Each structure stands twice: as C-alpha cells, then as structure tokens.
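Beneath this line is the structure, given in structure tokens, with notes to follow.
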Amino acid sequence: MTTVSAYAAPSAGAPLERTTIQRRPVGENDVLIEIKYVGICHTDIHHARDEWGRGGFPLVPGHEIAGVVTEAGPGVTKYKAGDRVGVGCMVDSCRKCENCLRGLEVYCTGGGLVATYADTERYTDGAPTQGGYSTHIVVDERFVLRIPDGLPLEQAAPLLCAGITTYSPLRHWNAGPGKKVAVIGLGGLGHLGVKFAHALGAEVTVLSQSLRKKDDGLALGADHYHATGDPKTFEELAGTFDLILNTVSASLDGDAYLSLLRTDGTMVYLGIPEKPVSANVGSLMMGRKSVAGSGIGGIPETQEMLDFAAEHGLGAEVEVISAEQVNEAYERVLRSDVRYRFVIDNSTI
Ligand code: NAP
Ligand code: ZN
Ligand code: ZN
C-alpha cells in the first residue's frame with residue numbers, strides 16, 4: 001500500500017479537506033498514474049452531499065482523471081511509464097457478461113460497473129473506492145484510456161465523464177447532418193454536447209435558463225440559442241428537434257420539453273435529479289416520441305471519443321483551480337456560475 005495525498009468530504013455535506021488515503025500495490029495488470037488534473041463533475045457534488053444515498057465517507061470524489069503513467073505492472077501491454085492517460089467513471093466490471101464483452105461495461109449485468117469512487121471492489125476488502133481528487137491512482141489497464149498527443153491534459157480531463165456522456169447518446173441516436181439537436185443546460189456536460197453535436201454536423205440549439213451565456217454558446221458551435229425562462233421559446237420551437245440532450249441536474253417540466261420534439265424524436269435524460277421525473281403519456285403518443293436515458297459510455301467508445309476530440313481539436317473549456325478552491329468551486333457550480341468545467345491542478349493537493 002502507498003499513502004497518497006487527497007481531498008475528501010469527511011461526511012455528507014461537509015466541506016472537502018486535505019487528507020491521505022491508501023492506494024493498492026501495482027498488480028500484474030495495473031498502472032500507477034500520477035494525476036495531473038481532475039475535473040469537477042456535478043455528480044461529485046451530488047455524492048459529496050449524499051443526495052443519492054450512496055455513502056462512502058470519507059469520500060474522495062473525482063472521475064475525470066488525466067495524468068501520466070509512472071509505473072506499469074508486468075502483465076501490462078498497452079501502456080508504459082510516461083504515457084498520457086485518463087480514467088473516467090469506472091475502474092472495473094465483471095468483464096464476462098454480454099455487455100462487458102460488447103464494450104458496454106457501463107451497463108455490466110454481472111454485478112454492475114465498479115465506480116471510480118464510493119463503490120466497493122475486489123481489491124479493497126469492502127472499503128470504498130477513492131477517486132481522482134488525489135495525487136495518484138492505481139487502475140487495471142483495461143479501464144485506462146489513452147489521451148492522444150495534442151490534447152492538453154487539463155482540457156482532456158472533463159472528456160472522461162462529461163465528454164463521453166454527451167458523445168455516446170449523440171452517436172447512438174445518429175446526430176449528424178440534417179438532424180436538429182437541442183442541448184438543455186450549458187454547463188459541463190452541455191458545453192461538450194454542443195461541441196460534439198456541432199463537430200458531428202448536426203444543427204445545434206442551446207436551451208439555457210437565460211440568454212446570459214448566448215455569446216459563448218454560439219462560439220462553442222451552437223446555431224441557435226434560446227432562453228427557457230421565456231415562455232415564447234416553447235411556442236416558437238414546438239415540434240422542432242430530432243434529439244434533445246437534457247443535461248440538467250434539477251427536475252424540469254417533462255411535458256413542456258417533449259412538446260419541442262418532432263415526430264419520432266427522442267429526449268435523452270443525462271442529468272440525474274434528486275427526485276423522479278414525470279410526463280403525461282399523451283405527450284409521447286402524439287408524435288410517437290421517446291424518452292430515454294444514457295449513462296456515460298463504454299471503454300471502447302470512450303477511446304473513440306478521445307480520438308475524435310483530438311482530430312477535431314476539441315477539448316473542454318476549463319477554469320483551472322487549486323485544490324483549496326474546491327469548496328468555492330462547488331458553490332459556483334450550484335449557482336450555474338461555471339465556464340464550463342472546473343479542473344483541479346493536482347500538484348496543489
Ligand atoms: P453543471 O455543470 O452544473 O451543468 C448543469 C446545467 O444545467 C447548468 O449549467 C444550468 O445550465 C442547468 N441548470 C442547473 N439548474 C437548473 C435548473 N434548476 N433549471 C434549469 N436548468 C438548470 O452539471 P454537469 O456536470 O454538466 O452535470 C449535469 C447533470 O448530469 C448532473 O445531474 C450530473 O450528475 C449528471 N451526469 C450524468 C451522467 C450520466 O452518465 N448520465 C454523467 C455525468 C453527469 P444553464 O445555466 O445553461 O441553464
Ligand atoms: Zn461525472
Ligand atoms: Zn459485465
């Protein structure tokens with residue numbers, strides 16, 4: 001075991017503070033990664049406040065990890081010391097079920113994925129996994145991604161969660177030329193959804209609470225930008241979209257947003273509100289509309305997304321902070337005051 005520095009929430013809702021944690025020895029197929037940057041995902045905040053009741057305290061959040069390999073176990077074939085790598089929301093799965101064999105480890109039916117933090121795994125004797133707000137992490141190479149050259153590590157980190165979470169549904173529901181895509185919420189997920197949808201060739205609309213970030217949205221690649229606080233938006237855009245990505249972490253009026261879909265359109269839930277969401281069945285019937293959900297993406301698709309991002313010169317818009325600013329950053333995310341992802345410089349941990 002190696003002792004490394006970390007930032008942890010000692011209990012639900014308590015401010016994060018500096019601490020130390022143990023990392024397992026580097027095993028046969030493991031790599032030891034020196035974490036350079038870690039993104040602050042809204043999910044980290046949901047967990048640190050125990051909004052989903054997952055526990056795992058003291059909790060070291062962080063599943064948007066970018067760093068450099070410093071050691072590779074004897075059985076590792078894909079990585080060597082010095083390689084630029086990333087780790088996202090999962091660090092293991094059963095590896096044997098139909099979904100794992102298809103590269104959809106996120107939907108593992110053999111016990112579920114092992115989340116990067118606040119989960120249990122075979123290596124830790126029931127102790128919770130601990131995430132990337134730390135200086136180092138040990139991960140099996142099967143769950144490690146290669147960060148292509150040319151993609152700065154701080155811009156790559158948020159791609160490991162926010163990037164794949166938006167890229168995967170855009171690909172699954174065939175966003176591309178001739179398709180009209182709306183992204184609800186211009187935050188961490190949303191701004192990458194706009195960039196990926198634009199890069200894939202779709203016509204992109206941002207649906208934000210106000211017009212405050214309109215210039216940014218258009219600069220990120222959106223073709224249109226509307227305020228959902230203005231009731232006229234829902235009249236003007238009725239029946240418009242083939243696909244809506246809902247990245248909002250709060251509950252919204254399901255019927256109002258379903259009215260924006262055209263026939264056969266799909267609204268995909270990506271944000272995870274604390275309370276159940278609802279809509280009237282009539283809102284789905286008239287237009288054969290679908291409501292769906294999508295969780296991050298599998299490992300092969302995450303690599304595809306990173307390669308696509310590098311090819312298109314596409315990274316996250318980040319504000320790099322030091323570790324002691326993390327509690328303030330959480331407050332700003334909750335106020336939708338983030339442009340567009342806070343990323344911790346892990347050398348400050
Ligand atoms: P974020 O940076 O806080 O962005 C969320 C955006 O939603 C805000 O910027 C804001 O955009 C909008 N918003 C916030 N509160 C709102 C409200 N009350 N009404 C309407 N709009 C509101 O969060 P994030 O990191 O992108 O994460 C978003 C959600 O996705 C979280 O619930 C997170 O847990 C979840 N998530 C899911 C997955 C998955 O696998 N499905 C992966 C990662 C994260 P505007 O200011 O533009 O309105
Ligand atoms: Zn996340
Ligand atoms: Zn599985």
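The values are calculated or read from the model by the stated rules, or taken from the named source; none is laboratory data. Bear in mind that the values here come from a model prediction, so they are computed numbers and not experimental data. For neighbour counting, all protein chains shown are included, and Cβ atoms are generated from backbone atoms with ideal geometry for every residue, glycine included. For accessibility, only protein heavy atoms count, side chains too; no ligands or nucleic acids. Shrake-Rupley method; radii C 1.70, N 1.55, O 1.52, S 1.80 Å.
Taking region 59-75 as the range and being outside any strand (DSSP E or B) and surrounded by 20 or more Cβ atoms within 10 Å (Cβ to Cβ) as the test, the residues that pass are Val60, Pro61, Gly62, His63, Glu64.
Here is a list: Val85, Val106. Which entry is open to solvent by less than 30 Å² (accessible area, probe 1.4 Å), within 16 Å of ligand 2 (Cβ to nearest atom) and either within 25 Å of Thr166 (Cβ to Cβ) or in a helix (DSSP H, G or I) (or both)? Checking each option against the conditions leaves just Val106.
Within region 114-134, being of a type in the set (Ser, Thr, Tyr) and either within 19 Å of Ile35 (Cα to Cα) or outside any loop (DSSP other than H, G, I, E, B) (or both) holds for Thr116, Tyr117, Thr120, Thr129, Tyr133, Ser134. Restricting region 109-132 to residues that are over 18 Å from Leu145 (Cα atoms) and open to solvent by less than 20 Å² (accessible area, probe 1.4 Å), the residue that is farthest from ligand 3 (Cβ to nearest atom) is Ala118.
Every listed requirement among (1) closer than 28 Å to Ala329 by Cβ; (2) within 16 Å of ligand 1 (Cβ to nearest atom) is met by Val69 save one, (2). Can you tell me which residue within region 88-102, out of those that are open to solvent by 10 Å² or more (accessible area, probe 1.4 Å) and away from ligand 2 (no atom under 16 Å from the Cβ), is farthest from Tyr133 (Cα to Cα)? Here the answer is Glu98. For region 109-126, which residues satisfy the criterion of being away from ligand 2 (no atom under 16 Å from the Cβ) and within 17 Å of Gly62 (Cα to Cα)? Those that are away from ligand 2 (no atom under 16 Å from the Cβ) and within 17 Å of Gly62 (Cα to Cα): Thr120, Glu121. Yes or no: Glu203 away from ligand 3 (no atom under 16 Å from the Cβ) and closer than 18 Å to Ser283 by Cα? Spelling it out, it is not the case that Glu203 is away from ligand 3 (no atom under 16 Å from the Cβ) and closer than 18 Å to Ser283 by Cα. Scanning region 292-307 for residues that are of a type in the set (S, T, N, Q), within 15 Å of ligand 2 (Cβ to nearest atom) and under 10 Å from Leu145 (Cβ atoms) gives a single hit, Thr302. Would you be able to say whether some residue in region 284-306 is surrounded by fewer than 17 Cβ atoms within 10 Å (Cβ to Cβ) and basic (Lys, Arg)? Yes, some residue in region 284-306 is surrounded by fewer than 17 Cβ atoms within 10 Å (Cβ to Cβ) and basic (Lys, Arg). Residues that are within 16 Å of ligand 1 (Cβ to nearest atom) and under 15 Å from the mean Cα position of the chain (by Cα) within region 307-337 comprise Gly315, Ala316, Glu317, Val318, Val333, listed in sequence order.
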